[in-house]
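A short write-up of the structure that comes next.
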Amino acid sequence: MLYVLVNPLALSGKAEEKVEEAVKNFGNAEYKKFSLIDLDVKKVLEGTTNEDTVLILGGDGTLNRFANDTADLTFNCPVYLYKSGTGNDFMKDVEDKVENNMVLLNDYLKDLPIITVKGKSYRFVNGIGYGIDGMCCEVADKMRAEGKENISYAGISIKLLIHGYKCPDAKVTVDGKVHNFKKVWLASGMKGRYYGGGMQIAPNQDRTSGLLTSAIIYGSGKLKTLIVFPKLFKGEHVKHKEMFEEMTGKKITVEFSHPMALQIDGETITNVSSYTVESKAKVKV
């Protein structure tokens, strides 16, 4: 049996329209369709065997929720993700494994890193955005709640950069070593290379390495940051060593001098003073 799990809110509410297209990858397989809204995912998956297949339709937020809902579950069957999100940052990161707009997830769901924030822990698939990127998600959530569509995260970021964002200072601890930064625009913790709908904030990060990357943009004025910002989409910002720092490690803690919003795979948590991310995977030799 093919179990199709759809997030009807994904792809600006159009993920449902992708179902027929997606199931064609499995020939004439009989399938059952479920909405992920209020679905007990564990209950559905616990009834599967190695002769079944699970197909997920949604984006990065959907994948994050699925990863957390199944954190202590051993998969009995193959689990696929069909490209049907807005940003599709995970798909970009593993594009060499994508066939027919679909990727096998099982290995990618193992030993995911943990973020601890405000006393709670979550698994994440792509990365943590803290600073202007978190604030951008906070603004986008408010716009969406007001019924606005076609929201441009890049446009929001540029507006916040020009007016509205107040740079904190940051204390970043990587595997016990402390680093201090002034005037921080963002301080991300990355499992993959992409977040924010295609921003390649950590182009040197390898999600199979067992390590995480702390990517920090700091110390620059508005004009310089505005000039460099578009380079994030191609990963070319790494050339600006005067304002960009990247460090890898198993455990990373970021503390800001004043609370700000944070995003986990696109899901927003407001009023955050610090976070800790920790890799649970073995370091690749």
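What follows draws every value from the coordinates through simple rules; no lab data is involved. Everything quoted here is computed from the prediction, not taken from an experiment. In this analysis, Cβ positions are derived from the backbone assuming ideal geometry, glycine residues included, and neighbour counts consider all displayed protein chains.
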**OP:** Of the listed pairs Lys97/Lys191; Lys43/Lys110; Lys118/Lys282; Lys177/Lys222, which have alpha-carbon separations greater than 21 Å here?
**Re:** Lys118/Lys282; Lys177/Lys222
Original post:
Can you give the helix-only mean residue ellipticity at 222 nm for the chain, where every DSSP H stretch with n ≥ 4 adds -39500 (n - 2.57) and the sum goes over all residues, rounded to the nearest 500 deg cm²/dmol?
Top reply: -5500 deg cm²/dmol
**OP:** May I ask you to list the lysines whose Cα is less than 16 Å away from that of Lys18, ignoring any residue fewer than eight positions away on the same chain?
**Re:** Lys32, Lys33, Lys83
Original post:
For Asn50 and Thr74 in the same chain, what is the full-extension length gain: residue separation times 0.36 nm, less their Cα-Cα distance, in nm?
Top reply: 7.5 nm
Subject >> Coil-residue chymotrypsin sites (Phe, Trp or Tyr not before Pro) of segment 19-118, DSSP, other Cβ within 10 Å capped at 16 >> reply: Phe75
Original post:
Hey, fewest Cβ within 10 Å first, where do Ser157, Ser279, Ser220 land in order?
Top reply: Ser220, Ser279, Ser157
Original post:
On a 0 to 90 degree scale, rounded to 10, what angle separates helix 60-69 from the longest Cα axis of the chain?
Top reply: 70
Original post:
So how many Å³ per residue does the convex hull of the Cα atoms of the chain work out to?
Top reply: 133
Original post:
How big is D for segment 204-285, in µm² s⁻¹ as a whole number, if Stokes-Einstein is applied with the Kirkwood radius of its Cα pairs at 37 °C and 0.692 mPa s?
Top reply: 225
**OP:** With N set to the residue count of segment 2-109, report its C-alpha Rg divided by 2.2 N^0.38 Å to two decimal places.
**Re:** 0.97
Subject >> Exposure rule at most 14 other beta-carbon atoms within 10 Å, DSSP loop GluC sites (Glu not before Pro): the chain longest free segment >> reply: 52-145
Original post:
So what's the gap between the Cα centers of segment 1-50 and segment 166-244, to the nearest angstrom?
Top reply: 35
Original post:
Against the longest principal axis of the chain, how steep is helix 132-145, in degrees 0 to 90 to the nearest 10, with axes from Cα atoms?
Top reply: 50
Original post:
Of all trypsin sites (Lys or Arg not before Pro) in segment 136-174, which ones are in loop regions per DSSP and have a Cβ with at most 16 other Cβ atoms within 10 Å?
Top reply: Lys148, Lys166
Original post:
In degrees from 0 to 90, rounded to the nearest 10, what is the angle of the helix 153-162 Cα long axis to the longest principal axis of the chain?
Top reply: 10
